[in-house]
Amino acid sequence: MPAWVTRGLRGSAFEELIDLTNRLYEQKGLAVIQKVPTPITPTAVDNAARTISQAYFEKASTVDFIGVSRGVAICFDAKETRQTSLPLRNIHAHQVEFMKNFRKQGGASFLLVNFTTKNEIFLLPIETLAEFHAAAAKGERKSIPYSAFDPELRIKNEGGFPVNYLAAAERLYAFRESPQASRT
């Protein structure tokens, strides 16, 4: 069973911005998207500080966020990199398979990738991720270069949403007005 030893809150600020965006989307009736908790079993706890310092994963996680917007199911994972490419070592085959299967069922499936040194965030479709992941499994490049990210899918801080990824997702996927949404 994989183990987890804390090395700080890597990626948490990015995920917090996404979570804030999701709350704003929900308040405005645009989407209901929530963070998927990763089930862990603690093995070392600092009772005085009330923190978990070591744990193991109960099962392999799939994606960070899941929900729905205007009748379209959405799942995505959030990744950050300081490099000019996205390393594939932290994106596991079972995650790619889950997102591919989600997409086959008609859902929107993607990564949100934060290039911290460039201060740019992109939506990376599962199709692109799957191509690079398959190539890496065959011994090819082990990362996705910055140049492979579509400028049309750059995420902007706009409309009062810190990480307005729905705008890019709507350009990529066929969002529709669901009958349930029009009744509210």
Scan segment 110-145 residue by residue and report those that are under 19 Å from Phe76 (Cα atoms) and either more than 17 Å from the chain's Cα centre (by Cα) or among the polar types (S, T, N, Q) (or both).
Asn114, Thr116, Thr128, Glu131, Ala134, Ser143
Complete set of residues in segment 97-145 that are touching a residue at least 12 places away in the same chain (Cβ under 8 Å), among the hydrophobic types (A, V, I, L, M, F, W, C), part of a helix (DSSP H, G or I) and within 29 Å of Val68 (Cβ to Cβ):
Phe98, Met99, Phe102, Ile126, Leu129, Ala130, Phe132
How many residues are surrounded by fewer than 13 Cβ atoms within 10 Å (Cβ to Cβ) and at pLDDT 65 or above if we restrict to segment 43-76?
7
Working only within segment 77-96, note down all residues that are buried (at least 17 other Cβ atoms within 10 Å of the Cβ), touching a Ser or Thr at 6+ places or on another chain (Cβ under 9 Å) and either aliphatic (A, V, I, L, M) or in a loop (DSSP other than H, G, I, E, B) (or both).
Leu86, Leu88
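Looking at this structure, is Leu24 open to solvent by 70 Å² or more (accessible area, probe 1.4 Å), at pLDDT 75 or above and either of a type in the set (A, V, I, L, M, F, W, C) or assigned to a loop (DSSP other than H, G, I, E, B) (or both)?
For Leu24, the condition - open to solvent by 70 Å² or more (accessible area, probe 1.4 Å), at pLDDT 75 or above and either of a type in the set (A, V, I, L, M, F, W, C) or assigned to a loop (DSSP other than H, G, I, E, B) (or both) - is not met.
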Please tell me if Leu9 is at pLDDT 75 or above, out of contact with any Gly (no Cβ under 8 Å at 6 or more places or on another chain), aliphatic (A, V, I, L, M) and open to solvent by 50 Å² or more (accessible area, probe 1.4 Å).
no
Considering only residues that are of a type in the set (Val, Ile, Thr), touching a strand residue (DSSP E or B) at 6+ places or on another chain (Cβ under 9 Å) and without any contact (Cβ under 8 Å) to a residue 60 or more places away in the chain, which ones fall in segment 70-96?
Thr81, Ile91
Segment 29-42, residues that are touching a strand residue (DSSP E or B) at 6+ places or on another chain (Cβ under 9 Å) and either in a strand (DSSP E or B) or modelled with pLDDT of 90 or more (or both):
Leu30, Ala31, Val32, Ile33, Gln34, Lys35, Ile40, Thr41, Pro42
Within segment 103-129, track down each residue that is more than 22 Å from Glu16 (Cβ to Cβ) and open to solvent by 40 Å² or more (accessible area, probe 1.4 Å).
Arg103, Lys104, Gln105, Gly106, Glu127
What are the residues in segment 142-155 that are loosely packed, with under 14 Cβ neighbours inside 10 Å and closer than 12 Å to Thr21 by Cβ, if any?
none
In segment 163-175, anything buried (at least 17 other Cβ atoms within 10 Å of the Cβ) and part of a loop (DSSP other than H, G, I, E, B) is listed as Val163, Asn164, Tyr173, Phe175
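The values are calculated or read from the model by the stated rules, or taken from the named source; none is laboratory data. Please read all numbers here as calculations on a predicted model, not as lab measurements. Don't worry about glycine lacking a Cβ; one is built from the backbone with ideal geometry, like all the others, and counts go over all protein chains shown. Ligands, DNA and RNA are excluded from the accessible area calculation, which covers all protein heavy atoms including side chains. Shrake-Rupley method; radii C 1.70, N 1.55, O 1.52, S 1.80 Å.
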